[in-house]
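Read through the structure below, which is laid out as structure tokens, and then see the notes.
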Amino acid sequence: MNVVLITGAGGLIGSESVNFFSEKFDLVVGIDNDMRQYFFGKEASTNWNVIRLSEKYKNYRHYSTDIRDQKALEKIFYAYGKDIKLIIHTAAQPSHDWAAKEPFTDFTVNANGTLNALEFTRIHCPEAVFIFTSTNKVYGDNPNYLPLIELEKRWEIDTNHPYYKNGIDEQMSLDHTKHSVFGASKVAADIMAQEYGRYFGMKVGVFRGGCLTGPNHSGAQLHGFLSYLMKCAITGQDYTIFGYKGKQVRDNIHSQDLVNMFWHFYKQPRNGEAYNAGGGRFANCSMLEAIELCEKITDKKMNYSYSETNRIGDHIWYISDVSKFKRHYPEWNWEYDLNQTLLEIFENLVTRI
């Protein structure tokens, strides 16, 4: 029997992974204890998504297990043993604002939880492919020291800079920078995942996501940029822009495009490779540009306010260069542009709100 084990299965990338891999594996084992509700409140609960997955996929088996609980987590790895061919580790505390409130919780979920999953993979299914969803926040605020230019609706990098064409590559330093507490815990997990690949020779892939998005996101103010923005656009709820004149730029990758990256890596895995994973030059926008798109789709003016105080360690301009992944896996490409993604989010949210 071929088993795929997915942590954070009720979240955006976890649930997209369930959807994608349910047709490719005999059994999908999902782990999610809805800590997102603890982090961000009832509106961010993933319980609705877990129920949906359990009802939709007959080969889905769910465990409400905390990835910090070593005994409980190892029982799951032990139960399926070498039948586990793929681990997709998406469970995390994802907000740098929230992390500062409870650093112990943030670090134990992000760093210790990742170590638990890696070590139990090494013990019980060492030949399995392990995919870790890292973040572009591992680069800290180093991107803010690039030569940026203020335009009418966005910040942009100087056209003469090497990063102008495709964005920021994996050679950007993770050191000598302010990460936020969240960014630091993800650096620890990112480096440990690479180490299990390089030191132990395991098939580990690290994907440093930009803004990950899609219709099954339980967006909240502290996490889930496009989903929460569209929710505010639909309901008329006030949205707060934090700093940088609303011109901060993010690249956005649809959850299905990211999971498709996982699939290509699974078919031809490498040991401890790290990839930037985002919308790149194909799909990116500033906050102001995203608001305009949401207003166009909903045919409603948004209510939003502005705070001069930016989030600590936040990026002014970030676009992911995915050239390295494309060199290694030339058959992969994006399928969802920004407008398609926002339309999907809109259509999904109007059925849930």
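The values are calculated or read from the model by the stated rules, or taken from the named source; none is laboratory data. What you see is a predicted model, and the numbers here were worked out from it, not measured in a lab. No Cβ is skipped: glycine too gets one built from the backbone with ideal geometry, and neighbour counts run over all protein chains shown.
Cβ separations smaller than 9 Å between residues 6+ apart or across chains give no pair from segment 149-171 residues that are free of Cβ contacts under 8 Å to residues at least 24 places away in the same chain to residues that are among the small types (Gly, Ala, Ser) and surrounded by 11 or more Cβ atoms within 10 Å (Cβ to Cβ).
Any residue at all in segment 72-90 that is surrounded by fewer than 21 Cβ atoms within 10 Å (Cβ to Cβ), aliphatic (A, V, I, L, M) and under 30 Å from Arg311 (Cα atoms)? Looking through segment 72-90, none of the residues is surrounded by fewer than 21 Cβ atoms within 10 Å (Cβ to Cβ), aliphatic (A, V, I, L, M) and under 30 Å from Arg311 (Cα atoms). Looking across segment 8-31, the residues that are crowded, with 24+ Cβ neighbours inside 10 Å, in a loop (DSSP other than H, G, I, E, B) and in contact with a strand residue (DSSP E or B) (Cβ under 8 Å, 6 or more places away or on another chain) come down to Gly8, Ala9, Gly10. Taking Glu195, is it over 30 Å from Val50 (Cα atoms), of a type in the set (Asp, Glu), at pLDDT 95 or above and in a loop (DSSP other than H, G, I, E, B)? No; evaluated as a whole, the condition is false for this residue. Among residues of segment 294-343 being modelled with pLDDT of 95 or more and acidic (Asp, Glu), the one that is farthest from His217 (Cα to Cα) is Glu331.
When segment 142-168 is filtered for residues that are surrounded by 11 or more Cβ atoms within 10 Å (Cβ to Cβ) and either at pLDDT below 95 or part of a helix (DSSP H, G or I) (or both), the ones remaining, listed by number, are Asn142, Pro143, Asn144, Tyr163, Tyr164, Lys165, Asn166.
Just checking, which of Ile131, Ile123 is part of a strand (DSSP E or B) and either out of contact with any helix residue (DSSP H, G or I) (no Cβ under 7 Å at 6 or more places or on another chain) or hydrophobic (A, V, I, L, M, F, W, C) (or both)? Lay out the reasoning, then the answer.
On the way: Ile123 fails: part of a strand (DSSP E or B).
Being part of a strand (DSSP E or B) and either out of contact with any helix residue (DSSP H, G or I) (no Cβ under 7 Å at 6 or more places or on another chain) or hydrophobic (A, V, I, L, M, F, W, C) (or both) holds for just one of Ile131, Ile123, which is Ile131.
Once segment 32-58 is narrowed to residues that are touching a Gly at 6+ places or on another chain (Cβ under 6 Å) and part of a loop (DSSP other than H, G, I, E, B), the residue that is farthest from Arg352 (Cα to Cα) is Asp32.
Could you list, in sequence order, the residues of segment 20-40 that are within 19 Å of the chain's Cα centre (by Cα) and in contact (Cβ under 8 Å) with a residue 12 or more places away in the chain? Talk me through it step by step, then tell me what you get.
First, the residues of segment 20-40 that are within 19 Å of the chain's Cα centre (by Cα): 20-21, 30-40.
Within segment 20-40, Phe20, Phe21, Gly30, Ile31, Asp32, Asn33, Asp34, Met35, Arg36, Phe39, Phe40 qualify.
What strands (runs of 3 or more DSSP E) completely inside segment 247-304 contain at least 3 residues that are of a type outside the set (Gly, Ala, Ser) and either touching a strand residue (DSSP E or B) at 6+ places or on another chain (Cβ under 8 Å) or closer than 19 Å to Ala233 by Cα (or both)? Once the strands (runs of 3 or more DSSP E) in segment 247-304 are filtered for at least 3 residues that are of a type outside the set (Gly, Ala, Ser) and either touching a strand residue (DSSP E or B) at 6+ places or on another chain (Cβ under 8 Å) or closer than 19 Å to Ala233 by Cα (or both), what remains is 249-254, 273-277.
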